[in-house]
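Okay, so here's the structure we're looking at.
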Amino acid sequence: MSRSVSLIGFGEAGRTFAMAGGWAADARVFDVKTDHAGAREAKLADYAAAGVAGCANLAEALSDARIVLSLVTADQALIAAQAATSHLRRGTIFCDLNSVAPQTKQAAARAIEAGGGRYVDVAVMAPVEPGRLNVPLLLSGAAADEAARALGGLGFARTRVVGAEVGRASSIKMIRSVMVKGIEALTAECVLAAEEAGVLDEVLSSLDASDKPKPWAERADYNLDRMMVHGLRRAAEMEEVVKTLEGLGTGSVMTRGTVERQRRIGRLGLAAPARGLAAKIRQIVQGKTEAV
């Protein structure tokens, strides 16, 4: 497999991958920042440090490309795909590694495929540093298997195909972020309030004492069980937590969301939860449908 690759965007991810893989002149790169006088010199210096072949425009970067990695900011992901489509040779694999919704990936796929390219939804499942080429990548799309082989040729060591449908890989990443980024936000809301109240050490000690790590399937099963049985009572309790946080002046945006979610599930009246996570999810979905 040829090591040649074209990159759209050369921020942290592009620089990290190119340098870790030693792609150097095997990589042709275009970053839109080179079109802006204030950012041009810094971006050209990035190219030079990595030894990659910087291109003056997107057409030059994509000319005769066999595999393209799109590594731009989320708000530019669809724009980049739409701009690329007229410059791709037929059959080029376009790997979209941007962190965007499955709907955005599907729109990008339509643009790429209308121009004869083959679009692959790629989800980067961990920070590129320190993972570098060992960062886990999930791939989906009709050309995902071929893309996995091509990425392996570039040095990526942890690729996994999760389906033939564009949007499946990004769905996994986006929905996982509900928990990962949500826990980060909850952490901030909790510790800021605890520090303001002068009880941080006690709160953290209490969490240590009560936290018994379990597989996420077991955690989710237990959490849904509690909300189905006690959602209304817990919503009322969390209203008091909102008052506590507002009194401290540290903010309660995450806790207000907890009140709403607990109340909505509690109002379904599912006081006899089914056994198992999948069965509980079906109960909640069916209960919401019947409540409409």
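A short reminder: the numbers here are calculations on the coordinates, not readings from a lab. Just so we're clear, the structure is a prediction, and the values are computed from it rather than from any experiment. Here the Cβ is made from the backbone with ideal geometry for all residues, glycine too, and neighbour counts use every protein chain on show.
Multiplying the residue separation of GLU195 and ALA49 by 0.36 nm and removing their Cα-Cα distance gives an extension gain of 48.2 nm.
Set against the 2.2 N^0.38 Å expectation for a compact globular protein, the range 5-171 has a Cα radius of gyration ratio of 0.93.
According to the calculation over all Cα-Cα pairs in the range 108-245, the P(r) per 5 Å bin from zero is 2, 8, 11, 14, 15, 12, 9, 9, 9, 7, 4, 1, 0 %. Here the average projected area of the convex hull drawn through the C-alpha atoms of the range 137-210 stands at 7.2 nm². Springs between alpha-carbon atoms under 10 Å, Gaussian network over the chain: tell me which of SER210, SER252, SER63 tops the mean-square fluctuations. Of the options given, SER210 has the highest mean-square fluctuation. Taking 20 Å as the straight-line reach from the Cα of LYS280, the aspartates and glutamates in range (excluding those fewer than 8 positions away in the same chain) are GLU218, ASP221, ASP225, GLU260, GLU290. Note that the range 76-158 shows a convex hull volume over its alpha carbon atoms of 89 Å³ per residue. Taking Cα atoms, how many degrees apart are the long axis of helix 277-291 and the longest axis of the chain, rounded to 10 and kept between 0 and 90? The answer is roughly 80 degrees. Ranked from largest, the principal axis spans of the Cα set of the range 27-101 equal 33, 28, 19 Å. Counting only DSSP H runs of at least 4 residues, each contributing -39500 (n - 2.57), and dividing by the residue count of the chain, the helix-based mean residue ellipticity at 222 nm comes to -18500 deg cm²/dmol.
Helix 200-210 and the longest principal axis of the Cα set of the chain meet at an angle near 90°.
A straight line joining the Cα centroids of the range 144-167 and the range 224-292 runs 39 Å. Bridge orientation summary for the range 5-171: considering DSSP beta bridges with both residues in this region, about 15 percent are antiparallel.
Taking the fewest neighbouring Cβ atoms within 10 Å as the starting point, the ordered list for LEU69, LEU224, LEU192 is LEU192, LEU224, LEU69. Rounded to the nearest 20 debye, the dipole magnitude of the range 13-119 is 240 debye, with +1 charges on Lys and Arg beta carbons, -1 on Asp and Glu beta carbons, and the Cα centre as origin. Volume of the convex hull of the chain (Cα atoms only), normalised per residue: 177 Å³. If you run the Gaussian network model on the chain, springs between alpha carbon atoms under 10 Å, then out of VAL120, VAL242, VAL199 the most flexible one is VAL199. Excluding the site residues themselves, the longest part of the chain lacking any trypsin sites (Lys or Arg not before Pro) in a DSSP loop with at most 11 other Cβ atoms within 10 Å is 91-274. Binning all Cα-Cα separations of the range 172-291 at 10 Å, short to long from zero, yields these whole-percent fractions: 13, 35, 38, 13, 1.
Please work out, to two decimal places, the log10 of the ratio I(q)/I(0) at q = 0.19 Å⁻¹ from a Debye calculation in which every Cα of the range 193-248 carries one identical scatterer. Here the Debye-derived log intensity ratios amount to -0.93.
Taking other Cβ atoms within 10 Å as a rough exposure proxy, TYR222, TYR47, TYR119 sort from fewest to most as TYR222, TYR47, TYR119. Counting only alpha carbon atoms, the long axis of helix 37-50 and the longest principal axis of the chain meet at about 80°. Checked against a 28 Å cut-off, the cross-linked pairs LYS181/LYS214; LYS214/LYS243; LYS33/LYS105 give Cα-Cα distances beyond that limit for LYS214/LYS243.
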